[in-house]
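The values are calculated or read from the model by the stated rules, or taken from the named source; none is laboratory data. What you see is a predicted model, and the numbers here were worked out from it, not measured in a lab. All Cβ positions, even for glycine, are placed from backbone atoms using ideal geometry, and neighbour counts span all protein chains on display.
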Amino acid sequence: MPRMANAFLSHTAQCALLCSLFFVLPSLAMAAAGIAIVDFESYNLTPVEESPAEKQYVATLSGMLEQQVSAVSDVDIVRIEASDADRANAGFGYLFEHPGEAARLGKKYGADWIVVGRVHKPSFLFSYLMARLVNVHTAEVAEDLIVEIKGHQDVVTQKGIERLAQKLSVRLNHAPQ
């Protein structure tokens, strides 16, 4: 009888080990993608120069987007040093227009994706939050995501960021690695 019990326990232990591997290994293989979000740039086409408050507003957008993306997606946020991002961005709009350079920056930090953002303000009445999603592995633009925001910035910006994060989440969840 003890021999039979040992065989049963041994068989049970083997099954438990195999079952745990069945559930653990796929989760290890499907680790969350890493996404870096560099600071947004302001592309203001209105005749009035940006105020310090406007510049501060633009500076908060990448952090807001990071928080929202973390809340709605299964991704790891990859932080890029501001000094490295500034060096890579040779001039206004450079990273936005050069996905290869953006990809190089993201790769340096181990990201799978990098988002280069822009606030496009053609009017006092509305603006666009633009996010260029770059696949770091292919150095190609995966998608340009745009959200229009109308009204007072402090009221509509959070909703715009939420919509932008949702669009990013949908794109990232359907993207091959």
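Whether any residue in the stretch 141-149 is in a helix (DSSP H, G or I) and at negative phi is what I want to check.
No; the residues of the stretch 141-149 include none that is in a helix (DSSP H, G or I) and at negative phi.
Give the residue that is modelled with the highest pLDDT, with candidates limited to residues of the stretch 143-177 that are surrounded by fewer than 16 Cβ atoms within 10 Å (Cβ to Cβ), among the hydrophobic types (A, V, I, L, M, F, W, C) and over 15 Å from Phe40 (Cβ atoms).
Val170
For Glu66, which of the numbered conditions (1) assigned to a loop (DSSP other than H, G, I, E, B); (2) of a type in the set (Asp, Glu); (3) modelled with pLDDT of 95 or more fails to hold?
(1)
In the stretch 129-140, what residues are assigned to a strand (DSSP E or B) and buried (at least 16 other Cβ atoms within 10 Å of the Cβ)?
Correct list: Leu129, Met130, Ala131, Arg132, Leu133, Val134, Asn135.
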